[in-house]
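Everything below concerns the one structure shown next.
The values are calculated or read from the model by the stated rules, or taken from the named source; none is laboratory data. A quick note: this is a predicted structure, and the numbers were derived from the prediction, not measured. Methodologically, a virtual Cβ is constructed for each residue, glycine included, from the backbone with ideal geometry; neighbour enumeration extends over all protein chains shown. Accessible surface areas use protein heavy atoms only, side chains included; no ligands, DNA or RNA. Shrake-Rupley method; radii C 1.70, N 1.55, O 1.52, S 1.80 Å.
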Amino acid sequence: MFDKVLGSGSVRRVTLGGITALGVYTAGAGLTACSQLLIARIVGAETFGVYSYVLAWVTVLAYFSALGFDIALLRFVSAYRASQAWGLLRGVIRYSERRMAIAGALVVALGAIAVVISTNEISPELRNTFLAGFVLVPVWALLWIRSSIVRAFGGVLSAVVPDRMVRDGTLIFIVVLLSWGLKWHLDAPLVMIATLASTTAALVMASLAVRRLHPSETDGVAPDYDIPVWRKTVLPLMAIAAAEAMLNRSGVLVLGWIGSNKDAGIYAVVFSISFLVALPRTAANTLLAPTISDLFVRNQVHSLQILTARIALWTLCGAAVSALALSIVAAPLLAWFGRGYEAGVPALHILLVGQVIAASCGSQLSIMTMTGHERGAALLLILSALFNILLSAVFIRPLGLIGAAVSTTVALVAWNITMAIFIWHQLRLLPGPIFMTQSVFRVKTTLRTPGRSPTV
């Protein structure tokens, strides 16, 4: 049964596409690590903390501005393309980009007003970094939306390269040029402006990919709109994206909020390193989401269980190996970032444990969002993000970096456990390790029974 399912076209596509996406994500993660290394070493932990704190807020606000369309378009564009509903395809793209533009403009305007009002309460460096960061919000949100459109058009590499490689690669080039080439002194506002420039370059590339890959049948077709359906779908997806960003960045946000900029910078580096462990799971999700939806619609529950279990096994193995390697080199790795960063070694070890546990559960969020349980996924994620913020508020002041790492790890594990319980009750799907263990046990039991053959 395993071979039959894994030999199917959809699963084979996930495997090959996942390997390709993993290569791209790995290269992108390397560029991200290099850009963080350069910025951290050049500007120091204190200034890097200011940049990381503002970037955390920018990320959360960008997900709000995208309004969930960066996820929903994968479903809608793929469905309209398959059913040749060209008017709806044009309509959903136009509607998503216009609504995002309105939301992004509101973020820029309200953010600028809030910063001006708080001028006397924050430092000039933090103020100017926020002003540049607010401009980045709509640009980044539009990049995500157009990357999703490209992915729905079938351009997997063209979708992930702009955000994962071009953006960070351009940032590295700008930072090196300004610091080492022109001998400029880089502060947090200037680094944020460089981030805005690199994101704009990535957006241009994604926009060109949309133009190149769009179906010619849409040319000259009047857009149609199914706004009630779109709104019903995107609201929980927006909550999911924003809450997940908040969950991942609670430590930096709380540390920056209480004015501990140096610790915020160290924790941002530590969390980014630990998140490398999630790369196998993220790469598998690149093509797994539509396959989950396809198997669920065709009611192939057992095939879906086998697929998700094998994905969980792959991601667990990849996460365990990478976590072990990172834990071994943690001290010298953080020392390379500059003086003071080695204080994040204990926090890194804690975060690595949490990422491995999360990887063992597989792509649970994709399972929920691709099987019609977006609202349940949004609720669990929002509660987990709030739980993380609460824990961070309690533990960060007495424990510092370790408190931030413990809070994030506990919230991450709790979130995955609650998702596993929800998926079992609603879909009767088990987490990968549990299903694989049961399968092995059934095979052994069957082999011990005369006259029976294994039927896993």
It is to be established whether one or more residues within segment 65-72 are open to solvent by 50 Å² or more (accessible area, probe 1.4 Å), out of contact with any strand residue (DSSP E or B) (no Cβ under 8 Å at 6 or more places or on another chain) and part of a helix (DSSP H, G or I).
no
Reported set for segment 189-227 where residues are closer than 28 Å to LEU171 by Cα, over 22 Å from the mean Cα position of the chain (by Cα) and open to solvent by 30 Å² or more (accessible area, probe 1.4 Å) is LEU190, ILE193, LEU208, ARG211, ARG212, LEU213
Checked VAL297, VAL277, VAL254, VAL269 against criteria (at pLDDT 90 or above, β-branched (Val, Ile, Thr) and not assigned by the TED database to the domain that holds SER147); the one match is VAL254
Answer yes or no: is there a residue in segment 395-412 that is open to solvent by 50 Å² or more (accessible area, probe 1.4 Å), of a type in the set (Ser, Thr, Tyr), modelled with pLDDT of 90 or more and part of a helix (DSSP H, G or I).
no
Which residues, counting only those in segment 350-369, are crowded, with 24+ Cβ neighbours inside 10 Å and outside any helix (DSSP H, G or I)?
CYS361, GLY362
Within segment 214-229, how many residues are out of contact with any helix residue (DSSP H, G or I) (no Cβ under 6 Å at 6 or more places or on another chain) and assigned to a helix (DSSP H, G or I)?
4
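In this structure, is ARG127 in the same structural domain as ARG167 (by the TED database), among the basic types (Lys, Arg), surrounded by fewer than 21 Cβ atoms within 10 Å (Cβ to Cβ) and closer than 17 Å to VAL229 by Cα?
Spelling it out, it is not the case that ARG127 is in the same structural domain as ARG167 (by the TED database), among the basic types (Lys, Arg), surrounded by fewer than 21 Cβ atoms within 10 Å (Cβ to Cβ) and closer than 17 Å to VAL229 by Cα.
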Return the residues of segment 27-51 that are open to solvent by less than 10 Å² (accessible area, probe 1.4 Å) and among the hydroxyl-bearing types (Ser, Thr, Tyr); say none if nothing qualifies.
SER35
Which of the residues that make up segment 335-345 are crowded, with 16+ Cβ neighbours inside 10 Å and either modelled with pLDDT of 90 or more or assigned to a loop (DSSP other than H, G, I, E, B) (or both)?
PHE337, GLY338, GLY340, ALA343, GLY344, VAL345
From the list LEU190, LEU186, LEU235, LEU208, which one is without any contact (Cβ under 8 Å) to a residue 12 or more places away in the chain and either part of a helix (DSSP H, G or I) or touching a helix residue (DSSP H, G or I) at 6+ places or on another chain (Cβ under 7 Å) (or both)?
LEU208
Determine whether segment 169-187 contains at least one residue that is buried (at least 23 other Cβ atoms within 10 Å of the Cβ), assigned by the TED database to the domain that holds THR218 and closer than 18 Å to ALA209 by Cα.
no
For LEU106, only one of the following conditions fails: (1) farther than 21 Å from VAL234 by Cα; (2) open to solvent by 70 Å² or more (accessible area, probe 1.4 Å); (3) of a type outside the set (S, T, N, Q). What is its number?
(1)
